[in-house]
Amino acid sequence: MQPEMLNTFQQGDHDLLVKGDSNHIARQEFVKSLKGAIQQQMLPAITTAYYQRALPNYVAENGAPPENYTQARVAFEQDPLFKAYLSINRSSQELQWFSVLDPLEENIDALEQATKNIKPSGGSLSLEPNFEVPKYISSIDIHCMPGGYLGPVGAHPLHAGALYDRGVYLYAMGFMGPLNDDMGRSVVNYLKRKHPDLKPKKILDLGCTVGHSTLPYAELYPDAEVHAIDVSDSCLTYAHHRAESLDMPVHFKQANAESTDYEDGSFDLVVSHILLHETSQKAMPKIFKECHRLLKPGGLMVHADLPPFENMDAYMQLILDNETWYNNEPFWTAMRNIDQIQLSEDAGFNKADVHFDTAPMAIMEFMNAGDAAQNDEPEDREFIAGEYAPGGGWEVLVAQKQSKVA
Amino acid sequence: MSDNTTSNRTIKGKRPSFFDARGVDYLMHMVMVLTQELSVTRDRLDTLEHLIEDKELLKRTDFDRFAPDQACLEEREKNRQALIKNLFSVMDQEAAELVKNDSKERFDEVIAETAKG
């Protein structure tokens with residue numbers, strides 16, 4: 001985004017989107033503007049403070065610059081500008097959810113009413129009454145979203161999904177597109193480019209929340225049967241009605257990606273989007289094994305998340321590591337230190353069939369239409385603190401299950 | 001138009017501390033909330049100006065061309081001074097204490113004496 005560009009992105013409407021009056025909307029617009037200013041105005045100032053003030057002091061005391069985020073934090077944690085940045089960034093996150101909560105609670109009955117008038121789109125919703133939610137999801141409210149993915153105890157079944165849908169749009173400042181679907185759209189674009197022969201008949205999206213990334217698969221692979229699972233009944237309920245409102249047939253089901261009850265070899269394509277960093281050290285290997293089990297021979301596993309730390313300098317790592325401590329993201333940093341290639345191999349994939357790549361952001365390709373957006377080799381990317389998706393693309397781990405030996 | 005906030009805003013997960021003095025943490029958040037409300041008010045005024053122009057009652061440039069008369073000048077200045085007085089009241093309190101030579105010691109004495117008699 002050019003510094004002089006005014007961000008007037010507006011979320012795409014659908015029947016489930018929480019509506020508000022002019023003051024509700026003004027509070028939400030303020031949060032979107034504040035988040036933009038934190039990234040584009042405040043973060044460059046913080047970066048200057050790090051390189052001009054904290055780094056030389058650290059080098060003077062230690063004889064070498066910080067090698068990782070832990071050392072960078074030691075170098076920077078007492079800096080007054082850094083403290084102000086962390087504090088304002090945290091408030092922006094809280095105000096983001098709060099600005100949606102009021103109109104949501106005032107209009108929740110209208111949302112429920114809206115679900116009754118939506119025509120079926122060929123999809124389905126399947127919830128498990130005694131479902132056991134993993135501790136890594138229920139222990140703290142991830143992203144500081146009050147009630148977390150599950151919603152507050154006793155809240156309306158649409159509460160968490162509705163809060164998440166609008167809140168995420170503000171968080172992304174519209175850079176995920178009008179339907180918050182940039183990750184799914186970017187991965188499909190990537191697959192169509194790199195795997196043009198892939199004509200999936202059955203697709204599974206793991207940890208789908210409200211289906212933001214799921215719907216592009218239904219739209220862009222119209223011949224495929226699209227399934228999506230999540231642990232949150234509230235998110236799934238919302239996802240189902242939202243998909244129907246947008247006339248997309250998706251089969252939503254409450255299930256844990258570590259262990260599902262789909263049969264072996266059920267899917268041609270198993271994907272996840274920003275799921276892995278919300279799981280745990282013990283869960284991740286199980287999820288990889290489950291992906292391998294669920295894939296047909298020759299099928300693809302694709303996990304889109306943010307890049308491992310090994311590609312970044314200590315300062316960039318530090319800025320990202322802040323999410324762990326200041327945005328209730330328990331697994332954010334630990335996940336980036338895991339060797340996912342090894343994990344894939346342990347799950348049964350051949351090492352030669354596993355690699356990291358970058359799926360360029362669909363919205364950036366759209367905005368730069370006409371430009372070649374093929375610069376997607378990981379080693380060519382530069383990570384700049386403050387970019388919504390570092391490097392202008394989504395990091396994808398791609399693994400192909402071995403075809404049956406004839 | 002919404003001015004009441006009633007939601008349950010509790011977040012599970014300890015809120016971190018940013019500054020050495022906890023009060024500064026509170027203050028920073030309050031400044032963000034106040035700025036948000038200022039932004040809301042400005043949007044609303046902008047809506048008002050647009051609506052007035054749309055109804056062809058006034059042009060938006062009329063707002064900038066408006067020259068207050070003496071009575072208006074006085075009223076505005078009175079209101080501004082009242083606002084600033086409120087803003088500085090916490091410092092006025094300290095100045096008043098200095099004038100009266102009031103102190104924490106006197107406060108503690110009053111507490112102790114009241115407890116006795």
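Nearest 0.05, what FRET efficiency do residue A:286 and residue A:13 give at R0 = 41 Å with Cβ-Cβ as r? Result of the calculation: an efficiency of 0.60. Plainly put, the range A:1-65 has a radius of gyration that is 1.27 times its Kirkwood radius, both from alpha-carbon atoms, as the Rg/Rh ratio.
With neighbours defined as other Cβ atoms within 10 Å of a residue's Cβ, the residues B:69, B:46, A:197 order from fewest to most as A:197, B:69, B:46.
Shape class for chain A: oblate, because the ratio a/c of the largest to smallest gyration tensor axis (alpha-carbon atoms, square roots of eigenvalues) is 1.5 or more and b/c is at least a/b. How are the Cα pair distances of the range B:15-66 distributed, in percent, across 10 Å bins from 0? Per 10 Å bin, starting at zero, the Cα-Cα P(r) for the range B:15-66 comes out as 22, 28, 19, 15, 14, 2 percent. Any chance you could check the Cα centroid distance between the range A:306-350 and the range A:106-130 for me, in angstrom? For the range A:306-350 versus the range A:106-130, the Cα centre distance is 36 Å.
On a straight-distance basis, which lysines could pair with residue B:116 in a cross-link, Cα separation under 19 angstrom, same-chain partners fewer than 8 positions away excluded? Within reach: B:104. Debye sum, Cα scatterers, the range A:113-270, no solvent: what log₁₀ I/I(0) at q = 0.15, 0.18, 0.19 1/Å? Log10 I(q)/I(0), no solvent term: -0.81, -1.16, -1.28. Look at the dipole of the protein assembly as shown built from charges on Cβ: of A:162, A:291, B:32, the Cα furthest out on the positive end belongs to A:291. In terms of its alpha-carbon gyration tensor, chain B comes out oblate; a/c meets the 1.5 threshold, while b/c is at least as large as a/b. For the range A:168-400, the normalised intensity computed at q = 0.07, 0.14 Å⁻¹ comes to -0.20, -0.89 (log10 of I(q)/I(0), Debye sum over alpha carbons, equal scatterers, no solvent).
By the beta-carbon count within 10 Å of each Cβ, the least crowded to most crowded order of A:99, A:91, A:126, fewest first, is A:126, A:91, A:99.
Compared with the dominant principal axis of the Cα atoms in chain B, helix B:22-54 is inclined by about 20°.
Legend: residue pairs A:19/B:59; A:135/B:14; A:282/B:14; A:83/B:78, Cα-Cα distance threshold 28 Å; pairs beyond threshold, A:19/B:59; A:83/B:78. So how tilted is helix B:104-116 from the main axis of chain B? Cα-based, degrees 0 to 90, rounded to 10. So the helix axis and the longest Cα principal axis differ by about 60 degrees. Ranking of B:47, A:237, B:114, A:209 by neighbouring Cβ atoms within 10 Å, starting from the fewest: B:114, B:47, A:237, A:209.
Computed from the coordinates by the stated procedures, all read-outs in this text should not be read as laboratory data. Please read all numbers here as calculations on a predicted model, not as lab measurements. Here Cβ is always computed from backbone atoms with ideal geometry, including for glycine, and neighbour counts include all displayed protein chains.
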